[in-house]
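Undergrad: Below is a structure I'd like to ask you about.
The values are calculated or read from the model by the stated rules, or taken from the named source; none is laboratory data. Given the structure is predicted, the values throughout are model-derived calculations rather than measurements. Every residue, glycine as well, gets a Cβ built from its backbone with ideal geometry; the counts of neighbours run over all protein chains shown. Quick note on the areas: whole protein, heavy atoms, side chains included, nothing else; ligands and nucleic acids left out. Shrake-Rupley method; radii C 1.70, N 1.55, O 1.52, S 1.80 Å.
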Amino acid sequence: NAAWSHCGSSSCVIITNPKGFRTQSRFHIHYRHQSGYGKSLKSKMEHKMCHEGGWQHGGFPCGGKAKYFSGHVAPMSAAMSAGGIHGAGVSIWPQACGGGGTILLVTYHCSIEHSIAVIPPKHR
């Protein structure tokens, strides 16, 4: 909720990296503005997700699965319904599908943070 309050716009992405791909050993959440690739990926997911139900896969980074949720969602609980999140990263894309909901992207065994988000110089 704290990350969402700082990054709830359509140009933001909220990111958790999978274990083994974190800059800190403990679980933590990043929120960033989307990079050009991040915007392109969100658009691709919206094209596929906004009118489809259930978890969709194919063509997403890191063998990922994505799902559209109407409104604000409890992301980690929702991500668990993808079939488990062990070794997974979760990206939360607010204000998706015309601002009406959220897309969750669950990715496995790699980090997409540096490709989907604008990383401030002090964090590179």
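Undergrad: Work out the charge dipole of the chain with +1 on the Cβ of Lys and Arg and -1 on the Cβ of Asp and Glu about the Cα centre, then indicate which of ALA74, ILE29, CYS12 is farthest towards its positive end.
TA: Working it through, the farthest residue towards the positive pole turns out to be ILE29.
Undergrad: Also, I was wondering about something else. Hand me the tally of lysine pairs in the chain: alpha carbons under 29 angstrom apart, and the pair either on different chains or 8 or more positions apart.
TA: 18
Undergrad: Summing +1 for each Lys or Arg and -1 for each Asp or Glu, what net charge is found among the other residues whose Cβ lies under 10 Å from the Cβ of GLY38?
TA: Summing Lys/Arg as +1 and Asp/Glu as -1 gives +2.
Undergrad: Probe of 1.4 angstrom, ligands and nucleic acids ignored: what's the accessible area per residue over region 33-108, in square angstrom?
TA: Ligands and nucleic acids excluded, the figure is 44 Å² per residue.
Undergrad: Still on this structure, I have one more. Placing unit charges on C-beta atoms (Lys and Arg positive, Asp and Glu negative, everything else neutral), compute the dipole magnitude of the chain about its Cα centre in debye, rounded to 20.
TA: The calculation lands at about 320 debye.
Undergrad: If you don't mind, there's one more thing I want to ask. So what's the net charge close to GLY54: Lys and Arg +1, Asp and Glu -1, counting the other residues with Cβ under 10 Å from its Cβ?
TA: That sum, taken over residues with Cβ under 10 Å, equals +1.
Undergrad: I've got another one for you. Once neighbouring chains are kept in place and the probe is 1.4 Å, which whole percent of the accessible area of region 81-124 is contributed by carbon and sulfur?
TA: C and S fraction of accessible area: 55 percent.
Undergrad: Expressed in nm to one decimal, what extension gain is obtained for the pair TYR37 and GLN95 from 0.36 nm per residue of sequence separation less their Cα-Cα distance?
TA: 19.1 nm
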